[in-house]
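See structure below.
The values are calculated or read from the model by the stated rules, or taken from the named source; none is laboratory data. Fair warning: this is a prediction, and the values are worked out from it, not measured in the lab. All Cβ positions, glycine included, derive from the backbone under ideal geometry; neighbour counts span all protein chains shown.
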C-alpha cells in the first residue's frame, strides 16, 4: 500500500489530503478568500493523519503543488513538504498546480483552461484537452478579446480558476464557458502524485524550488 500526503498552497485555499494508491482518504481545506497557510497548514496536516488513523512515518511520499501561484503560498507549502521529507526520510513529489486544477473539469469534448490570477490583466494559464493532456504549455499572458481564439473557434473552452472573474469580462465568445469559484485543491493531487510515485518521478529535496513562472516583485507598504 502506498500512502501519500498531498499539500496545496498555491492560492488562498490551504488544502491537505492523504491518499492511498491514488485515492483520497481524507481531505482538509480552508476554501476561502484569505491566506491562512502559516496558521493552518501544520494543523491541517496533523488533522488528516489523525482522521486516517495514521502517523507521519506511515506515508511513502510527500507531494506538493509546485506552482505557478502565490509566491508566499508556494514558499510555505514547499518549505513544509521539504521539512517533512527531511525529518521522515521520504521522497518529494511535485504536482503541477494547473494540471491538478484541470482535473476538476470533466468534459466529453472541447478543452480546459485552468488559470490563476496574476497582476493587472495577466493570468497564468495552460490548455488541456478533454483527457487532461496538455496541448499548450503554461504561460503568463496578458488578456485581450483575442485570447485563446484558436481554441474557441473549434469548440467549447472551459475556463476555471482565480483568473476567471476578470477573463469573463474580456472574452465574450459563445464557446467560452466560465466555471467560477474554484481553487486548486489537494483533492485532485492524489492520483497525479501516485502516478509519479510509481515511476519514481521525484524531486531533489535539497534543491527543489517552486515554479513561480515569473520573478517575485515586492511592493512598498502604503504610508
Just to be sure, is residue 180 under 22 Å from residue 13 (Cβ atoms), surrounded by 12 or more Cβ atoms within 10 Å (Cβ to Cβ), under 19 Å from the mean Cα position of the chain (by Cα) and without any contact (Cβ under 8 Å) to a residue 60 or more places away in the chain? no
In the list 220, 191, which residue meets the criterion of being outside the structural domain of residue 132 (by TED's automatic domain parsing) and at pLDDT below 95? 220
With respect to residue 165, is the statement that it is in a strand (DSSP E or B) and either at pLDDT below 95 or surrounded by fewer than 16 Cβ atoms within 10 Å (Cβ to Cβ) (or both) true? no
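Can you pull out every residue in segment 21-40 that is without any contact (Cβ under 8 Å) to a residue 40 or more places away in the chain and either under 17 Å from the mean Cα position of the chain (by Cα) or part of a helix (DSSP H, G or I) (or both)?
Matches in segment 21-40: 28, 30, 32, 33, 34, 35, 36, 38, 39, 40.
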Could you tell me which numbered condition residue 186 fails, if it satisfies all but one of (1) modelled with pLDDT under 95; (2) surrounded by 15 or more Cβ atoms within 10 Å (Cβ to Cβ)? (1)
Residues 18, 101, 43: which one is part of a helix (DSSP H, G or I) and more than 27 Å from residue 139 (Cα to Cα)? 43
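Which one is nearest to residue 34 (Cα to Cα), of the residues in segment 120-162 that are part of a loop (DSSP other than H, G, I, E, B) and touching a helix residue (DSSP H, G or I) at 6+ places or on another chain (Cβ under 8 Å)?
Our first condition is that a residue be part of a loop (DSSP other than H, G, I, E, B); within segment 120-162, this holds for 120-121, 130-133, 143-148, 153-156, 161-162.
Next, only the ones that are touching a helix residue (DSSP H, G or I) at 6+ places or on another chain (Cβ under 8 Å) stay: 121, 132, 143, 147, 161.
Details: 121: 21, 132: 29, 143: 25, 147: 29, 161: 15 Å.
Here the residue is 161.
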Any chance segment 53-73 includes a residue that's crowded, with 18+ Cβ neighbours inside 10 Å, more than 15 Å from the chain's Cα centre (by Cα) and more than 18 Å from residue 192 (Cα to Cα)? no
State all residues of segment 108-128 that are surrounded by fewer than 16 Cβ atoms within 10 Å (Cβ to Cβ) and at pLDDT 95 or above; if no residue qualifies, say none. 108, 109
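To keep it simple, each residue is scored yes or no on (1) closer than 22 Å to residue 30 by Cα; (2) modelled with pLDDT under 95; (3) within 18 Å of the chain's Cα centre (by Cα).
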{"site": "77", "(1), (2), (3)": "yes, no, yes"}
{"site": "86", "(1), (2), (3)": "no, no, no"}
{"site": "95", "(1), (2), (3)": "yes, no, yes"}
{"site": "98", "(1), (2), (3)": "yes, no, yes"}
{"site": "103", "(1), (2), (3)": "yes, no, yes"}
{"site": "137", "(1), (2), (3)": "no, no, yes"}
{"site": "144", "(1), (2), (3)": "no, no, no"}
